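J.: Take this structure first; my questions come after.
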Amino acid sequence: MGSNKPGKAIKNAVESAAEKVVDLLTPDVPGKPGSGTPTVEEPTAPHAPLPPKQEQGSPETRTPTGAKTGRPATELGQQGAYLTTSQGARLRDTDHSLKAGPRGPILLQDHHLREKIMHFDHERIPERVVHARGAGAHGVFEGYGTADGVTRAGFLKKGKQTDVFVRFSTVLGSRGSADTVRDTRGFATKFYTDEGTFDLVGNNMPVFFIQDGIKFPDIIHAGKPHPDREIPQAQSAHDTFWDFVSLHTEAQHHTMWNMSDRGIPRSFRMMEGFGVHTFRLVNEAGETVLAKFHWKPKLGVHSLVWEEAQLLSGMDPDFHRRDLYDAIEAGAHPVWELGIQVLPDTPDETFEGIDLLDPTKLVPEELAPVQAIGKMTLNRNPTNFFAEVEQVAYHLGNLPPGIDVTNDPLLQARLFSYLDTQLTRLAGPNFSQIPVNRPHAAVNDMLRDGFHQQAVHAGVAPYRPNSLDGGNPSVATDAEQAFLDVPVTVAEASKVRASPASFDDHYSQVRLFWLSMSPVEREHIVRSYTFELAKCYEQPIKERQLLSLANIDPVLCAQVAAGLGLPAPEPTVPLVDVTPSPALSQVGGEWPADGRTVGIVVDPDSDLDGLAALRETVFAAGMVPLLIAPHGGLVGGLPVQRTFATARSVEFDALLLAGAPVPAPDATPARDAKARDAKAGDAKAGDAKAGAVDPRVLLMVEECWRHAKAIGAWGDGAAVLTAAGVAGSPGVLAGDAAADVFTELLQLMGAHRVWERFPAPVA
């Protein structure tokens, strides 16, 4: 009896504390994320789970055969004040995997890691828990031979061609979400090498939110829609995400990348890819180096502006998917170079003070240049989206001889997670036999039976050693290019749930990224943080995130705080002096315009001389011209792809004006809301008086100008520039001949945008 009294007292105390928290609730407008009230400081006092909100209900408690139990519905939810295993054992740590020393590999005996990751991997069927929204394509990779000195991987030999399948994806959204949301993008490449499949499973950002894979369920649960309403979809602009990253400050670096223009790429074709982790390479002599993988797009790194992304989410939520497939169909095949940063394999696994096992850190390219080792071209679209894009299964443990893993604790957990995930998502252990996953190397694996077994195995002895099958299969040696688990020495250490001290630096590289941005990119980052935090309901979460921004840069913090109407806090850690990395900025380079879309506004009264030749010139430049006219059919004998009613500026990378179309018959707000435009004055449908321009055309010009796109006009088209109020501004061209205007326009497009047109008050 006596032994139960302390437990009962604790139970009463935590329940009383929970009741007090609920008593403080004063809900006013809808949208409060939970029944509690958060604090700026992380809560540490144990208490019972909070009750549901008042408008929430739960199913009645009934037996499996339908009888009422009379028990409270809350008994179906979490119980107790402490974190436990599924069997009720209390846990002292859920942030660190069990390792052989702080820098050692994760131990297989870590039952908590296994249970936590296993359950997370099976939370969704059949779509992926993360990276559900994706697009994929086939292609070919050709090695340059420049990696021969550091790895014996055969697919990197000079001239060697290897088939690939690439899947691009967003992380947070469901399969039905939009393409152009602000999010990290997956960039996963399956190399079908003749030495076995190599899966390079990366992102369009070189760092990740967390340092240890045991926290992956936590960050994804925080980023996913709120569990009670399943909103917001495919967004991080909500309380749970910012609650997590402001408490778990190691996430601040990746969060900064997400808030930058990198979070909304213009196209998969204009996106960098990164392997994120540090890998170990081994050459023919058995020598090792450490390396980071990079994909560099031929078209350069290019992003949408926020208004474009918002318009596209409504107008064409499949924009990225469509862009990829249309480019391949048009022959503008996307191309990337694969590069590596080669780093010495030192005992401490650091480089220039950067811990190479920390996946929240990058190595600036100015310190370790990216060396090109091959080229990938995507040249075939899928035949069946489900069979290929949905059923493709990647796994970081699919490695060829010459490439091995390191003790990065996020990478180590992913080695378990990816393989485990396929068991549920693809209904059994034989997912490697699905056509898109089948290796292009001979397979003799002694794995038998199971769901969906498609191989008809011969022989009677799927074990080794055997004599009944004549000893087949034999094991390979180095001479036969057997895979080598590099014999790295593991230092003697106690098994602990801990991270090395170098993992404690959560701000210096975030500051490096911020200071590496151009003024216009910094302005976009400020807007992103302000928008996302303003979407949070709870004021303490906003205040807590501002504390992290103060530790990154006082200008950034002050600008965001002003936008939120909050005071800017002082830093709580010293600001670090860092050397900016120009390679991180998207501004300043010039790139090919392959695969871009050029809108050409025409009408029957336009100057159509040379229009056919202009279309051919645009095609010859590797781009796609789309004629935009008042109506469908033909104009000047050429097919119209868009009408003023169906077109929107966000479809085009640049705009050309062949004339000044008067308002068309459908240019009324009652028929087309886009026709409501103050600059159109009192012009009416069919009005041909001087200065009357169809308001949909003016809207296209104004949006293209606002989004810093190149605009050109010739002949009567110049009058549209004047009517829109953009004539003579940077990146707005007017001339006498279409060919001359297009030549200048093409040069402007090489810089992606007319950057000087953007206001940049943040220095």
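The values are calculated or read from the model by the stated rules, or taken from the named source; none is laboratory data. Bear in mind the structure is a predicted one, so any value in this text is a computation, not a measurement. Counting neighbours? That spans all protein chains shown, and the Cβs are built from the backbone with ideal geometry, glycine included. These accessible areas exclude ligands, DNA and RNA; they are computed on the full protein's heavy atoms, side chains included. Shrake-Rupley method; radii C 1.70, N 1.55, O 1.52, S 1.80 Å.
J.: How much net charge surrounds Phe209 when only other residues with a Cβ under 10 Å from its Cβ are counted (Lys, Arg +1; Asp, Glu -1)?
T.: Details: positive: Lys215; negative: Asp218, Glu250.
Local net charge: -1.
J.: From the phi angles alone, apply the Karplus equation (6.51, -1.76, 1.60; θ = phi - 60°) to the stretch 592-604 and give each ³J(HN,Hα) in whole Hz, x where the residue is Gly or Pro.
T.: x, 9, 3, x, 6, 10, 10, x, 10, 7, 9, 8, x
J.: Shifting gears a bit: Near Cys557, within a Cβ-to-Cβ distance under 13 Å, what is the net charge of the other residues, with Lys and Arg +1 and Asp and Glu -1? Kindly include the intermediate steps, with their values, before the conclusion.
T.: Working: positive: Arg511, Arg522, Lys542, Arg544; negative: Glu543, Asp553, Glu570.
Within the 13 Å Cβ shell, the charges total +1.
J.: Kindly identify the stretch 84-198 as rounded, prolate or oblate by the Cα gyration tensor criterion: order the square roots of the eigenvalues as a ≥ b ≥ c, call it rounded if a/c is under 1.5, otherwise compare a/b with b/c, prolate if a/b is larger, else oblate.
T.: Numbers: a/c = 2.90, a/b = 1.42, b/c = 2.04.
Verdict is oblate for the stretch 84-198.
J.: State the label only: which of (1) 48, 31, 28; (2) 51, 27, 24; (3) 47, 36, 26 corresponds to semi-axes √(5λ) of the Cα gyration tensor in Å computed from the shown model?
T.: For semi-axes √(5λ) of the Cα gyration tensor in Å, the calculated option is (3).
J.: Additional query: In whole Hz and in residue order, list the ³J(HN,Hα) couplings for the stretch 314-320 that follow from phi through the Karplus curve 6.51 cos²θ - 1.76 cosθ + 1.60, θ = phi - 60°; x for Gly and Pro.
T.: Using θ = phi - 60°, the values come out as x, 7, 8, x, 9, 4, 5 Hz.
J.: While we're looking at this one, here's another question. Once the Cα atoms of helix 409-425 and of the chain are each reduced to a long axis, what angle between those two axes, in degrees from 0 to 90 to the nearest 10, is obtained?
T.: So the helix axis and the longest Cα principal axis differ by about 80 degrees.
J.: Measure nothing but the geometry: give the 0 to 90° angle between the long axis through the Cα atoms of 111-121 and the longest principal axis through the Cα atoms of the chain, rounded to 10°.
T.: 30 degrees
J.: On to the next question. Just list whichever of Lys158/Lys292; Lys215/Lys298; Lys32/Lys224; Lys535/Lys709 have alpha carbons separated by over 24 Å in the model shown.
T.: Values: Lys158/Lys292 20 Å; Lys215/Lys298 35 Å; Lys32/Lys224 16 Å; Lys535/Lys709 29 Å.
Table pairs above 24 Å Cα-Cα are Lys215/Lys298; Lys535/Lys709.
J.: Express the carbon and sulfur contribution to the solvent-accessible surface of the chain as a percent, rounded to the nearest whole number, probe 1.4 angstrom. Write down the numbers at each step before the final one.
T.: Working: 18540 of 33520 Å².
Carbon plus sulfur share of accessible area: 55 percent.
J.: Where does the chain land at 222 nm, in deg cm²/dmol rounded to the nearest 500, when only DSSP H runs of n ≥ 4 count, each adding -39500 (n - 2.57), divided by all residues? Could the numbers behind the result be given before it?
T.: On the way: 16 runs with 185 residues, N = 763.
Computed ellipticity for the chain at 222 nm equals -7500 deg cm²/dmol.
J.: How do the peptides 449-457, 522-530 rank, highest first, by the average count of neighbouring beta carbon atoms within 10 Å per residue? List each step's numbers first, then the result.
T.: Working: 449-457: 10.9, 522-530: 21.0.
Descending mean neighbour count gives 522-530, 449-457.
J.: Sort the stretch 285-392 into rounded, prolate or oblate with this rule: let a ≥ b ≥ c be the square roots of the eigenvalues of the Cα gyration tensor; rounded if a/c is under 1.5, and if a/c is not under 1.5, prolate when a/b is larger than b/c, oblate otherwise. Spell out each step's value before the answer.
T.: Values: a/c = 2.45, a/b = 1.84, b/c = 1.33.
Note, shape of the stretch 285-392 comes out prolate.
J.: For the Cα atoms of the chain, what angle does the longest principal axis make with the long axis of helix 519-534, in degrees from 0 to 90, nearest 10?
T.: Relative to the chain, helix 519-534 is tipped by roughly 60 degrees.
J.: Could you go through the stretch 368-385 in sequence order and give the Karplus-derived ³J(HN,Hα) for each residue, using 6.51 cos²θ - 1.76 cosθ + 1.60 with θ = phi - 60°, rounded to whole Hz, and x for Gly and Pro?
T.: 9, x, 7, 9, 5, 10, x, 9, 10, 10, 8, 10, 9, 7, x, 8, 9, 4
J.: Answer rounded, prolate or oblate for the stretch 380-478, using the Cα gyration tensor with square roots of eigenvalues a ≥ b ≥ c: rounded when a/c is under 1.5, else prolate when a/b is larger than b/c, else oblate.
T.: Details: a/c = 1.87, a/b = 1.26, b/c = 1.48.
Oblate is the answer for the stretch 380-478, as a/c is 1.5 or above yet b/c matches or exceeds a/b.
J.: While we're here: Mind ordering 404-417, 488-501 by average Cβ neighbours within 10 Å, highest first?
T.: Numbers: 404-417: 21.4, 488-501: 13.5.
Ranking the peptides 404-417, 488-501 by packing returns 404-417, 488-501.
J.: Based on the mean of other beta carbon atoms within 10 Å per residue, what is the order of 348-357, 511-520, most packed first? Before the final figure, lay out the partial values.
T.: Details: 348-357: 18.2, 511-520: 20.3.
Order by mean packing, descending: 511-520, 348-357.
J.: Here's another thing I want to ask about it. Excluding Tyr144 itself, calculate the net charge of residues whose Cβ lies under 14 Å from the Cβ of Tyr144, where each Lys or Arg counts +1 and each Asp or Glu counts -1. It would help to have the intermediate numbers written out before the result.
T.: Working: positive: Lys157, Lys158, Lys160, Lys296, Lys375; negative: Glu142, Asp148, Glu337.
Around Tyr144, the charge tally is +2.
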